[in-house]
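Colleague: Got a structure for you, written out below as structure tokens; questions coming shortly.
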Amino acid sequence: MQKINELQLAKELIKFPSVTKIDAGVIKFLEKKLKKIGFKTKILEFRDKNSYPVKNLYARLGTTSPNFCYAGHLDVVPPGNLNDWTVNPFKPAVKKGYLIGRGANDMKSSIAAFVSAVSFFLSTNKKFNGSISLLITGDEEGDAINGTKKVVEYLKKKKERINFCLVGEPTNPNKLGEMIKIGRRGSLTGNLKIFGSQGHVAYPQRANNPSTIIVKVLKEIKEIKFDKGTKNFQPTNLEVTKININNTADNVIPGIAEATFNIRFNDKHSSNSIKKKLNRIFSKISKKNKSKFKIDYKVSGEAFLTKPNETTFMIQNIIKKITKIKPKLSTTGGTSDLRFIKKISPGLEFGLVGKTMHKVDEAVSLKDLKNLTKIYQNILQNYFK
Ligand SMILES: [Zn+2]
């Protein structure tokens, strides 16, 4: 059995300039690698008129249960100005114990670590009870319309069972071992327009100033006590992100005032229940002030939690054993593909240290890469024991 070196594979993956929308051949490359160590693979290309086409990969080794799945993405964010980098982002280089390149952190190195872990696991466990699978998308950083979401729908239709899913996104804020993610808050953005009526500032009785009204509205929605947080979640929080009153004159009461806000909410709410609550306030204040309002919402994701189970705690223990840190089970941070996968399988996220993700000179410490590979290998060993 061929043993795969994690650093070598990470470098190979980073060499593909797979900036979202462009696959650059990286999915096919990984498919070949997995085939070589015994995986049955399928490239799933999805199209949808609302987005660009995307190649995804589902690979499975074994036919029996339980099926342990690793999920991740091979697309990366654009490198930005190449002159700001100390190396070419797509010609990875090792400097002072760090591998530098776009995707070194988010998250090609983690995929390399898992594939390497599988190859080592197989070299000592030629026969094991169950299956190992990989769900790899090329669209996590972009629209995410033809990515993991569609793969999950496909697997569901095919009645493919996954018993546990490990998502390899960078989860640790500073040190490897600090944090496992078991869910995320939901995110809702609202854009509110208040229509008053324009007039001369010297004759306010003939106008209806929407800026006064929007200040009242924003004060009231900011003061909503949504909840006190839960065992697994921070309290729901609303932040006003923009206030815009487009007025070029100092002696004119404006006709329209506009504001944008974002709410990160926990699993005590849904985007709909929050919308209802807010709409009531907008209606009430508008009515009282004889103004009109228009609200546009955008939901980036609902809150979700994948309940920790036996496997979660086994993984937590392994991380502690190798890193000497007991990882927190957290729901902080932005949204993730686990929101789709949890529809078919319990799971968690654990990967590298996210400090440099999406940054210039994105990097992974070689020591962390080695330890993450060890952690993944130990997880397989224990899962199939
Ligand atoms: Zn990522």
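Colleague: Consider SER133 carefully, then state whether it is more than 16 Å from the ligand (Cβ to nearest atom), of a type in the set (Ser, Thr, Tyr) and in contact with a strand residue (DSSP E or B) (Cβ under 8 Å, 6 or more places away or on another chain).
Modeller: Considered against the rule, which asks whether it is more than 16 Å from the ligand (Cβ to nearest atom), of a type in the set (Ser, Thr, Tyr) and in contact with a strand residue (DSSP E or B) (Cβ under 8 Å, 6 or more places away or on another chain), SER133 comes out as yes.
Colleague: Scan segment 150-180 residue by residue and report those that are within 19 Å of LEU369 (Cα to Cα) and either modelled with pLDDT under 95 or within 16 Å of the ligand (Cβ to nearest atom) (or both).
Modeller: LEU166, VAL167, GLY168, GLU169, PRO170, THR171, ASN172, PRO173, MET179, ILE180
Colleague: Can you name the residue in segment 1-23 that is of a type in the set (A, V, I, L, M, F, W, C) and open to solvent by 50 Å² or more (accessible area, probe 1.4 Å) and is also farthest from the chain's Cα centre (by Cα) among such residues?
Modeller: Taking the candidates together, the pick is MET1.
Okay, residues lined up against (1) in contact (Cβ under 8 Å) with a residue 40 or more places away in the chain; (2) part of a loop (DSSP other than H, G, I, E, B):
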position: PRO170; (1), (2): yes, yes
position: GLY190; (1), (2): yes, no
position: ALA202; (1), (2): yes, yes
position: SER211; (1), (2): yes, no
position: VAL215; (1), (2): no, no
position: PHE226; (1), (2): yes, yes
position: LYS231; (1), (2): no, yes
position: GLN234; (1), (2): yes, yes
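Colleague: Please enumerate the residues belonging to segment 24-45 that are on the phi < 0 side of the Ramachandran plot, open to solvent by less than 40 Å² (accessible area, probe 1.4 Å) and outside any helix (DSSP H, G or I).
Modeller: The answer is ILE37, PHE39, THR41, LEU44.
Colleague: Would you tally the residues in segment 136-168 being basic (Lys, Arg), part of a helix (DSSP H, G or I) and out of contact with any strand residue (DSSP E or B) (no Cβ under 8 Å at 6 or more places or on another chain)?
Modeller: Residues meeting the conditions: 3.
Colleague: One residue is enough: does segment 311-325 have a residue meeting the conditions under 16 Å from ASP267 (Cα atoms) and of a type in the set (Ser, Thr, Tyr)?
Modeller: No.
Colleague: Taking into account only those residues within segment 181-220 that are under 30 Å from LEU338 (Cβ atoms) and surrounded by fewer than 21 Cβ atoms within 10 Å (Cβ to Cβ), which is modelled with the lowest pLDDT?
Modeller: SER187
Colleague: Within segment 99-156, which residues are open to solvent by less than 20 Å² (accessible area, probe 1.4 Å) and acidic (Asp, Glu)?
Modeller: ASP106, ASP139
Colleague: Scan segment 323-348 and report the pairs whose first residue is open to solvent by 10 Å² or more (accessible area, probe 1.4 Å) and whose second residue is more than 13 Å from the ligand (Cβ to nearest atom) and acidic (Asp, Glu), with Cβ atoms within less than 7 Å and a gap of 6+ or a chain change.
Modeller: Sorted first by the residue in segment 323-348, then by its partner, the pairs are ILE325/GLU178; LYS328/GLU178.
Colleague: Just to be sure I understand the filter: pairs with C-beta atoms under 8 Å, separated by 6 or more residues or on different chains, first member in segment 61-81 and modelled with pLDDT under 95, second member more than 16 Å from the ligand (Cβ to nearest atom). Which pairs pass?
Modeller: Sorted first by the residue in segment 61-81, then by its partner, the pairs are GLY80/VAL360; ASN81/VAL360.
Colleague: Can you tell me which residue among TYR58, TYR70, TYR52 is open to solvent by less than 10 Å² (accessible area, probe 1.4 Å), aromatic (Phe, Trp, Tyr) and at negative phi?
Modeller: TYR70
The values are calculated or read from the model by the stated rules, or taken from the named source; none is laboratory data. All of these numbers come straight from a predicted model, not from anything done at the bench. Ideal geometry is used to build each Cβ from the backbone, glycine not excepted, and the neighbour counts take in all protein chains shown. Heavy atoms of the whole protein, side chains included, go into the accessibility calculation; ligands, DNA and RNA do not. Shrake-Rupley method; radii C 1.70, N 1.55, O 1.52, S 1.80 Å.
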